[in-house]
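**Q** The following block contains the structure, expressed as structure tokens.
The values are calculated or read from the model by the stated rules, or taken from the named source; none is laboratory data. Since the structure is predicted, the reported quantities are computational estimates derived from the model, not experimental observations. As a convention, Cβ positions derive from the backbone with ideal geometry for all residues, glycine included, and neighbour counts pool all protein chains shown.
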Amino acid sequence: MEEKNTKQKSLQNKSYESLGCLLMIGLIVGAIVLGSAIKAARANDRIVSVKGLCEREVKADKAICPFAYKEGGDNLQQLYTTIETKNGVIIDFLREAGIADTDISIAAPKVVDTRTEWSGSQNRYTYIVTSVVTVCTDKVDEIIQLQSRQGELLQKGIAMTNNWEYQTVYSFTKLNEIKPSMIETATKNARETAEKFAADSESKLGKIKRATQGQFTITDRDSNTPYMKNVRVVTSVDYYLKD
């Protein structure tokens, strides 16, 4: 009986030892897995955020050019006749420069009765009529030349009104054609900056974590040549860093 109890105790001790070994192995494996997970998480936290810029100078491919002038008088019927005659002179001027009739439009004359609109002031004329002949065309070079030839209209008795309301507007409409290459250049510039940062920090550049394309902006290059445009985009890119 005593011998039997001794054998049972021996078997129990061996079972406890086996369980202890298994538990120890499980703890070791868990620690290794947990350590790898923590290391991976820390590696994922190591990022560098950079921006890449791309700028390109382009020429406008569309122009909206108003030819506006004013006429004063006391007889509306005579004023309208004068306006029609001068509009014809302007249209001939545009046709000679190569502007198609389909690109020319004439707005309804704007009439101001100085007796009611400007009461209390001394005015030479009873009526002031503003006429606007507008050109909307892709012939930008022709419009640029016409801007410098307005003196020819002045010689024919037509003085252009050049205030802010009647300024020529130049625009660039082919942005979609240059977008891909500009984004590629901006991204390349961003990567070069990130690689320099990684080298300085004794790291290596990993994959992209996040990339954001900035908004494209189109502005005049300067105030003297509004037909020259500056196109600009900035991309933001986050890269992983690795040892």
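**Q** Please find, within segment 65-86, the residue that is surrounded by the fewest Cβ atoms within 10 Å (Cβ to Cβ) out of those that are more than 16 Å from residue 136 (Cα to Cα) and in contact with a Ser or Thr (Cβ under 6 Å, 6 or more places away or on another chain). Spell out the reasoning first.
**A** Initial filter on segment 65-86 (more than 16 Å from residue 136 (Cα to Cα)): 69-86.
Checking the rest, the ones that are also in contact with a Ser or Thr (Cβ under 6 Å, 6 or more places away or on another chain) come to 69-71, 74, 83.
Values: 69: 22, 70: 15, 71: 20, 74: 11, 83: 19.
Of everything passing the filter in segment 65-86, 74 is surrounded by the fewest Cβ atoms within 10 Å (Cβ to Cβ).
**Q** Taking the criterion of being within 32 Å of the chain's Cα centre (by Cα) and either farther than 30 Å from residue 180 by Cα or not in a helix (DSSP H, G or I) (or both), would at least one residue in segment 67-83 satisfy it? Break it down stepwise before answering.
**A** Step one: filter segment 67-83 for residues within 32 Å of the chain's Cα centre (by Cα), giving 67-68.
Still in the list and also either farther than 30 Å from residue 180 by Cα or not in a helix (DSSP H, G or I) (or both): 67-68.
Yes: segment 67-83 contains one or more residues that are within 32 Å of the chain's Cα centre (by Cα) and either farther than 30 Å from residue 180 by Cα or not in a helix (DSSP H, G or I) (or both).
**Q** Kindly provide the set of residues from segment 104-119 that are loosely packed, with under 14 Cβ neighbours inside 10 Å and in a loop (DSSP other than H, G, I, E, B), ordered by number.
**A** 107, 108, 118, 119
Yes or no, residue by residue, for (1) closer than 24 Å to residue 88 by Cα; (2) crowded, with 17+ Cβ neighbours inside 10 Å:
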residue	(1), (2)
125	yes, no
129	yes, yes
135	yes, yes
143	yes, yes
146	yes, yes
158	yes, yes
169	yes, no
180	no, no
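**Q** Looking at segment 124-243, what helices (runs of 4 or more DSSP H) fall wholly within it and have at least 1 residues that are outside the structural domain of residue 49 (by TED's automatic domain parsing) and in contact with a strand residue (DSSP E or B) (Cβ under 6 Å, 6 or more places away or on another chain)?
**A** The qualifying helices (runs of 4 or more DSSP H) are 140-147, 150-155.
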